[in-house]
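A short reminder: the numbers here are calculations on the coordinates, not readings from a lab. None of these values were measured; they are calculated from a predicted model. Here the Cβ positions follow ideal geometry from the backbone for every residue, glycine too, while neighbour counts run over all protein chains shown.
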Amino acid sequence: MSAAILFWAVLVAQLLLAAAMCCAVVRLLQGPRAQDRVLALDTLYVNAAILLLVFGIRTGSPLYFEAALLISLLGFVATAALAKFLLRGEVIE
Amino acid sequence: MTHAVELPLWAAIVVACLLLLGAFLTLVGSIGLLRLRDFYARVHAPTLATTLGIGCVLLASMLFFTVLQTRPVLHEVLITAFMVLTTPVTLMLLTRASLYRDRREGSPDVPPIPARPLPKDGAER
């Protein structure tokens, strides 16, 4: 019973997250300006981290947690570097 | 999902509700990213995903592994703390970059650079 509840909840959550990632990809492709694309990329990173956590619940393996932590870390560094690039024209001065 | 058979029913229901709520809030944030009209409105939408969405999913994950392994599993707090600390920093950096670019192009949608007050005589320099 609890396995069935969890199975369907995880499935629906994965579908919702996939739809969210599709929205972010559409904004990434059509975003009128560079900052819109960077924002969409940041959202995509966060959505991927959440999707990996849901995968971890689905498989019962705690290994996915570390992948999610890495993705959120890299997302922070990437977005900060891209914002610096938009602001100054170069990342490291 | 064979590992979830020994999960008690109450834990399964709570984990399922938290997962659905987190995924739904993330979807709402991404739809906002797609639908809102300009960048300064859009930059607010994904924060729904980075705070409430990932918070709910992390709570669900913590509860799931705590009940399943019958010991407290709290390392998900790391991601929560990290997201709460880094999201404002990155989004403010991005918004400042966008404001700078818009002002340089003389866009009419953003307020101009405020005039710097003249230094008064005798005031500290």
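Couple of notes before you dig in:
- Whole-Å distance, taken between Cα centres, linking segment A:38-93 and segment B:24-50: 17
- Mean residue ellipticity (222 nm) of chain B, computed from DSSP H runs ≥ 4 via -39,500 (n - 2.57), nearest 500: -21000 deg cm²/dmol
- The spacing between segment A:10-27 and segment B:54-97, judged by their C-alpha centroids, is 19 Å.
- Peptide packing: for A:2-12, A:42-52, the average count of neighbouring Cβ atoms within 10 Å per residue gives the ranking A:42-52, A:2-12, highest mean first.
- Residue order, fewest to most beta carbons within 10 Å, for A:I57, A:I92, A:I71, B:I31: A:I92, B:I31, A:I71, A:I57
- Between 0 and 90 degrees, the angle of helix B:54-69 with respect to the longest Cα principal axis of chain B falls at about 30 degrees.
- Neighbour counts of C-beta atoms inside 10 Å place B:T90, A:T59, B:T95 in the sequence A:T59, B:T95, B:T90, starting with the fewest.
- Exposure proxy ranking for B:R116, B:R42, A:R33, based on other Cβ atoms within 10 angstrom of each Cβ and starting from the fewest, stands as B:R116, A:R33, B:R42.
- Take every Cα pair under 8 Å whose residues are at least 6 apart in sequence, average their separation, divide by the length of chain B, and the relative contact order is 22 percent.
- Mean sequence separation of contacting Cα pairs (under 8 Å, at least six apart), scaled by the length of chain A, corresponds to a relative contact order of 25 percent.
- Restricting the calculation to alpha carbons of segment A:25-93 gives Rg and Dmax of 14.5, 45 angstrom.
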